[in-house]
Protein chains: 2
Amino acid sequence: MKPILTVFADSPDGGQGVARDMRVRWALEEVGQDYDVRTVPFAKLKESEHRARHPFGKIPTYEEGELTLFESGAIALHLAESRPGLLPGDAEARERAIVWLFAALNTVEPPIIEREGYLIMEKDKPYFRDRLTLLDDRVRERLAEVSAFLGERDWLEGEFTVGDLMMIEVLIRLKDPTLPGTSLLEEFPTLARYVERGEARPAFKRAFDGQRQVFLESQEA
Amino acid sequence: MKPILTVFADSPDGGQGVARDMRVRWALEEVGQDYDVRTVPFAKLKESEHRARHPFGKIPTYEEGELTLFESGAIALHLAESRPGLLPGDAEARERAIVWLFAALNTVEPPIIEREGYLIMEKDKPYFRDRLTLLDDRVRERLAEVSAFLGERDWLEGEFTVGDLMMIEVLIRLKDPTLPGTSLLEEFPTLARYVERGEARPAFKRAFDGQRQVFLESQEA
């Protein structure tokens, strides 16, 4: 039986791959795991049927037999630990890859999400410009640190791992074409190329096409 | 050889246990692992010696032989997976505990950290009061969701796990006595009692005393 991924029926990103099911789709494609998709309309996310799968009423969720998981980081880690392809064989190298999974989600993503929410929700406020500088600089600080660590390497720790997958997915949010203004990513060519290397992977492309297809079908309905 | 934990030489929280080494100390105490401490002065966090251990120039870092880890979530997971005490034996129950570790760090903590930074950095801004309502409500939404899930249970998924440890550590930030205003935690008695259950654990108390001792010694120096 294939695992089931719950995704937005009508993603607010217009099929641009910014919704968090993309991370899990990419991980599934990297490890070669087929899956089925369940779509949930926006209006039903906070209802009890979906809350039983996801206490915060978000997507994605992942079901595999009796096991139900939420949090894209936990699902990606589950896939990486249960199938070959996203973690190296060496024990210490595995730990380092997992460090970067947490760093992407807990150190790099929060200032990016804070800025993103601000760009969308507070753009008409009188203080908008002043505060934006502050939020941009917080994101730049993190980007500079990841860029300095990455340097000339293709991936964060030798081969491509679940840590790279999540870091690239977090950085890609900055390229969301529905956000106003320019992407801070352009200021860091090392990171822009790193993201491009991720996007060039066949598994990324299959995952992207998968989420785009769901969006296109929702528009026809 | 004991693992080495890097902590603030002079924690800005005044020994209140809000710094992120507390999470790892608590995990170390729960699994009964002795450890040594290396203190780093604030001024040296962003210098190359510490950056070699932590690319973002933060604390804690964790060294065990050749292995160097950063990110408190990754270190807590490493301890939980390598020693008994923080994960159940059953495979599916382990996965659910890890889900809550990620939920604490990636879903519950970000709005708490955003509000905390705002309380400290922007309290004199003309827009302070208006925006605070917005940030408070985002935190309340998450707290209500965790509270609804927890309900009458002692811990999130049966026995105490690394997921509870991290969730309680994230919620404790709201009680930081150096922050202005009231703790939003008081509005959720289910969560306030949950945090108290965590604080009552002997391992928590030993960890708290450990970090407090470092602060007290820094004041004598």
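The values are calculated or read from the model by the stated rules, or taken from the named source; none is laboratory data. Remember, predicted model here, so these are calculated numbers, not experimental data. Reconstructed Cβ throughout: ideal geometry from the backbone, glycine too, with neighbour counts over all protein chains shown.
Among the residues here, B:LEU45 does not qualify as within 14 Å of chain A (Cβ to nearest Cβ), surrounded by fewer than 16 Cβ atoms within 10 Å (Cβ to Cβ) and more than 21 Å from B:PHE204 (Cβ to Cβ).
Considering only the range A:40-51, I want to know if a residue exists there that is under 20 Å from B:LEU101 (Cα atoms) and either touching a Gly at 6+ places or on another chain (Cβ under 9 Å) or not assigned by TED's automatic domain parsing to the domain that holds A:LEU156 (or both). Yes - at least one qualifying residue is present in the range A:40-51. Which numbered condition trips up A:ALA27, out of (1) surrounded by 15 or more Cβ atoms within 10 Å (Cβ to Cβ); (2) modelled with pLDDT under 95? Single failed check for A:ALA27: (2).
Just one of the listed residues (A:LYS175, A:LYS205) is of a type in the set (Lys, Arg) and over 26 Å from A:MET121 (Cβ atoms), namely A:LYS205. Just to be sure, is A:ARG212 at negative phi and outside the structural domain of A:LEU156 (by TED's automatic domain parsing)? In short, yes. Quick check: is even one residue across the range A:97-109 at the interface with chain B (Cβ under 8 Å from one of its Cβ atoms), in a helix (DSSP H, G or I) and of a type in the set (Asp, Glu)? Yes; the residues of the range A:97-109 include at least one that is at the interface with chain B (Cβ under 8 Å from one of its Cβ atoms), in a helix (DSSP H, G or I) and of a type in the set (Asp, Glu).
Considering only residues in the range A:1-21 that are assigned to a loop (DSSP other than H, G, I, E, B) and over 24 Å from A:GLY117 (Cα atoms), the one that is farthest from the chain's Cα centre (by Cα) turns out to be A:MET1. Of the helices (runs of 4 or more DSSP H) lying entirely inside the range B:138-221, those containing at least 1 residues that are among the basic types (Lys, Arg) span B:189-199, B:202-220.
Filter the range B:199-217 down to the residues that are of a type in the set (Gly, Ala, Ser) and surrounded by 16 or more Cβ atoms within 10 Å (Cβ to Cβ) and list them by number. Steps first, answer last, please.
Taking the range B:199-217 and keeping what is of a type in the set (Gly, Ala, Ser), we get B:200, B:203, B:207, B:210.
Matches in the range B:199-217: B:ALA203, B:ALA207, B:GLY210.
Tell me, which residue of the range B:141-198 that is more than 24 Å from B:LEU86 (Cβ to Cβ) and within 14 Å of chain A (Cβ to nearest Cβ) is surrounded by the most Cβ atoms within 10 Å (Cβ to Cβ)? Taking the candidates together, the pick is B:ALA144. Picking from residues in the range B:58-93 that are without any contact (Cβ under 8 Å) to a residue 24 or more places away in the chain and crowded, with 17+ Cβ neighbours inside 10 Å, the one that is farthest from the other protein chains (Cβ to nearest Cβ) is B:THR68. Entry remark, the range B:124-137: residues being in a loop (DSSP other than H, G, I, E, B) and either closer than 12 Å to B:PRO111 by Cβ or within 24 Å of the chain's Cα centre (by Cα) (or both) number 0 in total. Which of the residues belonging to the range B:74-113 are touching a strand residue (DSSP E or B) at 6+ places or on another chain (Cβ under 8 Å) and either closer than 17 Å to B:GLU159 by Cα or among the hydroxyl-bearing types (Ser, Thr, Tyr) (or both)? Answer for the range B:74-113, where residues must be touching a strand residue (DSSP E or B) at 6+ places or on another chain (Cβ under 8 Å) and either closer than 17 Å to B:GLU159 by Cα or among the hydroxyl-bearing types (Ser, Thr, Tyr) (or both): B:GLU92, B:GLU95, B:ARG96, B:VAL99. The sole residue among A:LEU67, A:LEU79, A:LEU135 that is outside the structural domain of A:ARG23 (by TED's automatic domain parsing) and either over 25 Å from B:LEU134 (Cβ atoms) or of a type outside the set (Asp, Glu) (or both) is A:LEU135.
Given the structure, is B:GLU47 farther than 18 Å from A:ARG142 by Cα, acidic (Asp, Glu) and more than 17 Å from the chain's Cα centre (by Cα)? In short, no. Of everything listed in (1) within 30 Å of B:GLY158 (Cα to Cα); (2) at pLDDT 95 or above; (3) not aliphatic (A, V, I, L, M), the single unmet condition for B:GLN16 is (2). Could you look through the range B:22-52, keep only residues that are part of a loop (DSSP other than H, G, I, E, B) and among the acidic types (Asp, Glu), and pick out the one that is farthest from B:LYS2 (Cα to Cα)? Per the stated criteria, the residue is B:GLU47. Cβ separations smaller than 9 Å between residues 6+ apart or across chains give the following pairs from the range A:19-38 residues that are within 12 Å of A:GLN211 (Cα to Cα) and touching a residue at least 60 places away in the same chain (Cβ under 8 Å) to residues that are buried (at least 24 other Cβ atoms within 10 Å of the Cβ) and basic (Lys, Arg): A:VAL37/A:ARG25.
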